[in-house]
1. Where Rh denotes the Kirkwood radius from the mean inverse Cα pair distance, what is Rg over Rh for the stretch 1-83?
2. For the chain, what does the helix formula give at 222 nm: sum of -39500 (n - 2.57) over DSSP H segments with n ≥ 4, over the residue count, nearest 500 deg cm²/dmol?
3. Please find the FRET efficiency linking Gln305 to Asp159, where r is the Cβ-Cβ separation and R0 is fixed at 35 Å, and quote it to the nearest 0.05.
4. What does the charge dipole of the chain about its Cα centre add up to, to the nearest 20 debye, if the Cβ of each Lys and Arg holds +1 and the Cβ of each Asp and Glu holds -1?
5. Please order Cys162, Cys52 by the number of other Cβ within 10 Å, starting at the fewest.
6. Could you tell me how many degrees, from 0 to 90 and to the nearest 10, lie between the Cα long axis of helix 320-335 and the main elongation axis, the longest principal axis, of the Cα atoms of the chain?
7. Cα-Cα over 22 Å: which of Lys249/Lys337; Lys99/Lys177; Lys177/Lys249; Lys68/Lys249; Lys14/Lys68?
8. Taking θ = phi - 60°, what integer Hz values does the Karplus form 6.51 cos²θ - 1.76 cosθ + 1.60 yield along the stretch 273-286, in sequence order, with x for Gly and Pro?
Amino acid sequence: MQDRPKVSIIVPVKNIRHQIQELVSDVKSQSVTDWELLLITGVSDDGTDEVCHTMAEEDERIQVLLRKEEGVSAARNCGIEHAKGDYLVFPDGDDRIDKEYLATLLSTIEEKEDDEDRDFPSLPVEMGMIGYITEVVEGDEELFFATPESGERVISVEDLLCRLFFLGNYQGYVWNKIFQRNIVMENDIRFDEDIYYHEDQLFLVTYLLHAQNVRWNPEQLYHYRMREDSAMGLTEPRDGLVPYDIIEKEATEVLSLDRMRNLLIDYPDAQWFCEQNEVYYALEILGKMEMYEDPDAFSDSAFRQMAKVASELDYEAMDEWEEEALPRLEYYGQTGKLLEEGE
C-alpha cells in the first residue's frame, strides 16, 4: 500500500452487494491509479461485507473499515479519520463513475501547468466540481437527466453559496466534488451525525467558509442512480401518512438549514436564501404532521423547537396555503399541538 496516495475515495457501504462491485470496478478502471479506496461497512445481511473483504484482498489500495455508529455521516467521518490522500472524494456506493472521474476532478483543483505562463494571476481554488447524470429507474423504464450548465469556469464562494439554496439546485451534493484533506483536517470539518437530510449541504457550507473559489467542469462523469426502493423513495406516504420516524428524520433537514443560516453571517445573500428554505421545509414538515388526526401526535417531537425558530423568521409566503400555515407553525412551536387547516 502506498504511503501517501493522491486521492482518498470514501464510500459508505451497506446492503449493496451487487452495486458496490460495480463501483469498485469503476474505481479500478480509473485513468488515475494513485488512489486509496476506503469502504466503510456496517452490518449487512446480503453478503456485502464479505464481498468488500474479498475485493480488498485482491487490491492493496482497497481497505475495509468497520464503523460502530449507524448512518452515512458516521461512515464518512470514519473514512476521513483514516484517509491519507491529499484530496477526498465521496461517491455513493450504489452509483457509477466514468473512467475519467478522478482525473477530471483533480484537474479542477490542482494548479494547472500553464498557470505560470498566464499574463494574469491564477485564482486559488480549494474545491472542484463536475457535472453528473441522474438515472431514475421506474419499473422497467430508465430516465436520464443531466446537469444543464456548460463551460469550465471558476466560481467565487459567495456565488456558489447562493446557488446552493435555490430550490431544485443540483450543486448541494458531495459526490461530484473534490476536497483538500488539509482544509478538512485543520478546521475539524466533519459530517453532522445528527442530520439525515441536507447533511451534504451542511458539510459543503462549512468547508466553503475556509475557501475562496471553486472550479466547475461541466463534464458529466458521475452517474447518480435513483430507484423505487431508494432511501428517497421510502419517504413517500403510506395510506396518506408519512411514518412518524421518517418525519422525525426529515425534520433534521430544517435543523441543517438552521445551522447553515447561523454559519452564513458574513454572506447575507446566501443567508437570506437559506432562511427562506428553512421556513419552506418547516412548512412541508408541518403539512405532513397535520395529516395525523391527533393534535398531540408530535407534542414530544424534536421538530417543535425547529418550528418555533422557523416561525420567527421573515418569510415570503409563496401561496395562500403557506400564508395560512405560518400561524399554525408558530402555534405548534409554542404549544406542541397541531391545528387543523382553517383553525
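Nothing in this text is a laboratory measurement; each read-out follows from the coordinates by a stated rule. The model shown is predicted, which means the values in this text are computed figures rather than measured ones. Here the Cβ positions follow ideal geometry from the backbone for every residue, glycine too, while neighbour counts run over all protein chains shown.
1. Across the stretch 1-83, the Cα-based Rg/Rh ratio is 0.94.
2. After summing the helix terms and dividing by the residues of the chain, the value is -12000 deg cm²/dmol.
3. Once the sixth-power term is evaluated, E becomes 0.60.
4. The calculation lands at about 1100 debye.
5. Cys162, Cys52
6. 80 degrees
7. Beyond 22 Å between Cα atoms: Lys177/Lys249.
8. 4, 4, 4, 5, 5, 4, 6, 4, 6, 4, 5, 4, 5, 4
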